[in-house]
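Reviewing the structure listed below.
The values are calculated or read from the model by the stated rules, or taken from the named source; none is laboratory data. Predicted, not measured: the structure shown is a model, and the values here were computed from it. Here Cβ is always computed from backbone atoms with ideal geometry, including for glycine, and neighbour counts include all displayed protein chains. Areas reflect the complete protein model, heavy atoms only, side chains present, ligands, DNA and RNA absent. Shrake-Rupley method; radii C 1.70, N 1.55, O 1.52, S 1.80 Å.
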Amino acid sequence: MFSPKPTFNFLKFSLKLILIFSLVISNIYADENSRDPDEDLKDLEDLIALDEQVDQEKQQEEQGSNQHVKTSSEAEVLSKAQRIVLELNNDNTKRVIDENEFVFVLGYAPWCTRSAELMPKFAEAAMTLKVLDSPVLMAKVDADRYTRAAKVLGIKGFPTLLLFVNGSSQIYSGGFTAEEIVIWTRKKTGVPVIRISSVAAAEEFLKKHQTFVVGQFDKFEGPDYEEFVKAATADNEIQFAEVSDTDTLKVLFPDAKDGRLFLGLVKSEPEKYTTYKETFQMDKILHFLDYNKFPLVATMTELNSVRLYASPIKLQVFIFAEIDDFKNLRDSLEDVARKFKSKIMFIYIDIKEENLAKPLLTLFGLEESDKTIVAAFDNRISSKYLLESDLTQNNIEEFCMGLLDGTVPPYYKSQPIPENREGSIQVVVGKTFEELVLKSPKNILLEVHTPWCILCESTSKQVEKLFKHFKGLNSLTFARMDASANEHPDLQVDDYPTLLFYPAGDKSKPVTILGCWLLLIYSRFLKWHWLMKEPHLVVQMKLSTKAGIKELAAAINKHVKAEDKLTRDEL
């Protein structure tokens, strides 16, 4: 920060004193026509304020200059890092792959936002690997421009990370920070474990690594050590370190107990140290890491979303909130997460991140919400749950307990209950499906539609005509339901539009009327290979035909009469 030199400050202060004395003297000897002294003093105050403002602006300019220097320095570092990464093209790609043992390639497209996010991290990783004397050649290719090179490398999307070992490629499977890229690359090129031999080396290691596994061994040999190295090689994300003396171990893992065989996980969060307590077997070590490597409350980003979804902890609680609201909840959430560690995974998503939050909130019908929401997914049984009580720590903890013991019912979204008029097509929502469909004493013809379905509008028009045609039939009720905003456990529909006939005598086995009718039209008018090419276009054309509405009416009549006959037979 810029600060004026002492000499300059003194001169400025002296000048102000001289001005003050001059004004005081002039006020003493002023005649009756002179200005009011208060006005002069006010002018003086204004001048002093102006001086201070000028000084402040100078300081801000100096700070801005320093910041510019800092930014320029960072830009130079990034530019240098990017120059380390070799540019591939159609002409040099095959030669570079063939002539180098290890080549790590980033395939990108200039217009791809995720490529833009990843490129500086890739460049930073390249610089770190160069400092570490890694044998890996880091390269990148504009796969959108150099399509022939992309084909040689096997790049089909953006961004793509591939490591070539003696010409054979393997897909990158690590994290997306520069540190994670470095760890994965070193593991795949012969450095799965870093040996730390002194307290000083341990202190340096801590400056570079926030998350790591540390193992202590009396000698770096034997079955336990071999399993440790196997785990280090198989794991794609976490840096492994090994030590032999306890003093060095204590620097890395202060909670470690004295002993000659130890393994622990260190993370940069309140739950910082986790001790491994099983026997040294590769599978068990990897299992331990899978269940403990994430923070108590992980923050989802586009880069780590796949890793979070792939967690072996399939019961996941999501917190959708703005950043400031999440900060207020964080301590309470971590306390709850600590109690359910390894059983429930807690994930925070910024509700303003539409690409991440909206697809999940849509499953609850809450995509327009801007309030904090706590929801859960059980990926073992494809069920979702919503915390509908106040967001207190006790309520969140009870919600999690209910998820584990099965007492929290799955959530099915529903629109508000509408006011249906007598003698009209009944609008069914999730909350009224049981009453209006399953418990109704009448036959029900249910139209299931969605706003985005290209055929639903034309089908709805046909249903309106059918409703008028069957209006005098008291045993039949017409109903419709928007499947994008309403759900029920007993309604499983995957194709839209769908017309379901629920017989009065047995609502557990609805008949798919629309599916049968469309199949009849297909077989009458089409060849199968045409159907596979443009089925939607053809169906739209046939739905509007007079023969189509007659076929559908006949199918409904058939089922209504069959149901009526069944009822009479039972009587």
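Worth pointing out:
- On the beta carbon distance between Thr407 and Ile171, with R0 = 56 Å, the FRET formula returns roughly 0.85.
- Accessible area per residue for the range 329-483 is 54 Å², calculated with a 1.4 Å probe on protein heavy atoms, without ligands, DNA or RNA.
- The range 347-379 residues near the modelled Asn328 label - backbone nitrogen below 14 Å, point 7 Å along Cα→Cβ: 371-373
- Highest to lowest packing among 299-309, 440-450, scored as the average C-beta count within 10 Å: 440-450, 299-309
- Here the gap between Lys343 and Glu397, fully extended at 0.36 nm per residue and compared with their Cα-Cα distance, gives a gain of 18.1 nm.
- Normalised per residue, the accessible area of the range 86-148 is 52 Å², obtained with a 1.4 Å probe and no contribution from ligands, DNA or RNA.
- Using the Cβ-Cβ distance between Leu206 and Asp335 with R0 set to 22 Å, the FRET efficiency works out to roughly 0.25.
- Rounded if a/c under 1.5, otherwise prolate or oblate - the range 455-506, Cα gyration tensor axes: oblate
- Reciprocal of mean inverse Cα separation for the range 97-156 (Kirkwood radius, Å): 12.4
- Packing, taken as the mean count of other beta carbons within 10 Å per residue, orders the peptides 405-414, 462-471 from highest to lowest as 462-471, 405-414.
- The Thr279 and Asn236 beta-carbon pair, evaluated with R₀ = 30 Å, returns a calculated FRET efficiency of approximately 0.85.
- Across all directions, the average projected area of the convex hull around the alpha carbons of the range 234-310 is 5.8 nm².
- Computed extension gain for Lys257 through Lys461, at 0.36 nm per residue and net of the alpha carbon distance, reaches 65.9 nm.
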